[in-house]
Amino acid sequence: MKNKSNLLWILLTAGALLPISLTKDTNNKIPSELTDTLNIYTTNPPFVYFNKELNKFDSWIDSTLNESVKNNSNAIIVNKTDYKLYLIKNGEVDSEYNIDLGKNPIDDKQVEGDFCTPEGMYIVKQKVDSTRTKFYKALLINYPNEQDKEKGKTGSSIEIHGPGGIGRNWTNGCVALSIKDINEIYSQIKKGDRITIVKNNSKDLSKLISSE
């Protein structure tokens, strides 16, 4: 291996670092859209996305915050790249928590058994207490929602649950928190509340945490 660029090219062409949609084109050239994202490899190699996708994720977050204000409700935003879950109260970021993701944390979930954590705007379908889950407590989300089904996505039983927060991706696609953190989240989120999961966003939500 002569240099780092050769290593990067091998990983790119093998698809080792990229979601399926970002693999090389038929002429064995790196797509031009990647030129503004290659710097991501040096900071957080697995998570790569186009600017168009980032705009989509930003719009989901804005919609979640606005909905929380309008309904005076709580919500959850999960940022997969940062491995963070944010609790939203009345449109403001109240607190953040460390999370674990699916065994394949990089890609958006497509089918049952791909071990990916889905990306989208969901709601809490059911709250599951400690007597009904081996994961202590859980918030079951409505994946696949109607948009997912239209895209042919499959799978079920995607939850935010405990015990996790161990710094290792081990779930089948769920989001896992420590017992302490799931207790805090579980007590403040109710059935029907918004759960938005993004790969990344342009805002540093940690800096928006309310000081009150």
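Any residue at all in the stretch 188-209 that's without any contact (Cβ under 8 Å) to a residue 40 or more places away in the chain and farther than 26 Å from Lys52 by Cβ?
Residues of the stretch 188-209 that are without any contact (Cβ under 8 Å) to a residue 40 or more places away in the chain, as a first pass: 204, 207.
Subset that is farther than 26 Å from Lys52 by Cβ: none.
No, because not a single residue in the stretch 188-209 is without any contact (Cβ under 8 Å) to a residue 40 or more places away in the chain and farther than 26 Å from Lys52 by Cβ.
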Counting only residues that are closer than 26 Å to Leu65 by Cα and either surrounded by 15 or more Cβ atoms within 10 Å (Cβ to Cβ) or at pLDDT below 95 (or both), the stretch 124-139 contains a total of 7
Does any residue of the stretch 195-202 turn out to be out of contact with any Asp or Glu (no Cβ under 9 Å at 6 or more places or on another chain) and outside any strand (DSSP E or B)? no
Those residues of the stretch 134-165 which are aromatic (Phe, Trp, Tyr) and out of contact with any Phe, Trp or Tyr (no Cβ under 7 Å at 6 or more places or on another chain), in sequence order: Phe135, Tyr136
Six or more apart or on different chains, Cβ under 8 Å: which pairs go from a residue in the stretch 151-167 that's in contact (Cβ under 8 Å) with a residue 40 or more places away in the chain to one that's part of a loop (DSSP other than H, G, I, E, B) and acidic (Asp, Glu)? Could you list them? Thr154/Glu112; Gly155/Glu112; Gly155/Asp114; Ser156/Glu112
Part of a helix (DSSP H, G or I) and either at pLDDT 95 or above or loosely packed, with under 15 Cβ neighbours inside 10 Å (or both) - does that describe any residue in the stretch 91-103? no
Count of the stretch 145-160 residues which are assigned to a helix (DSSP H, G or I) and surrounded by fewer than 19 Cβ atoms within 10 Å (Cβ to Cβ): 4
Being in a strand (DSSP E or B) and over 19 Å from Arg132 (Cα atoms) is the filter here; which residues of the stretch 161-194 pass it? Arg194
Subset of the stretch 124-150 (residues that are in contact with a Lys or Arg (Cβ under 6 Å, 6 or more places away or on another chain) and more than 19 Å from Gly162 (Cβ to Cβ)): Asn142, Pro144
Can you confirm whether Asn142 is surrounded by fewer than 19 Cβ atoms within 10 Å (Cβ to Cβ), in contact with a strand residue (DSSP E or B) (Cβ under 9 Å, 6 or more places away or on another chain), in the same structural domain as Gly173 (by TED's automatic domain parsing) and farther than 21 Å from Leu54 by Cα? yes
Is it the case, given these coordinates, that Glu159 is farther than 21 Å from Ser73 by Cβ and in the same structural domain as Lys191 (by TED's automatic domain parsing)? no
Those residues of the stretch 111-137 which are assigned to a loop (DSSP other than H, G, I, E, B), touching a strand residue (DSSP E or B) at 6+ places or on another chain (Cβ under 7 Å) and not hydroxyl-bearing (Ser, Thr, Tyr), in sequence order: Asp114, Phe115, Pro118, Glu119, Phe135, Lys137
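The values are calculated or read from the model by the stated rules, or taken from the named source; none is laboratory data. Just so it is clear, the structure is predicted and the values come from calculations on it, not from any experiment. Here Cβ is always computed from backbone atoms with ideal geometry, including for glycine, and neighbour counts include all displayed protein chains.
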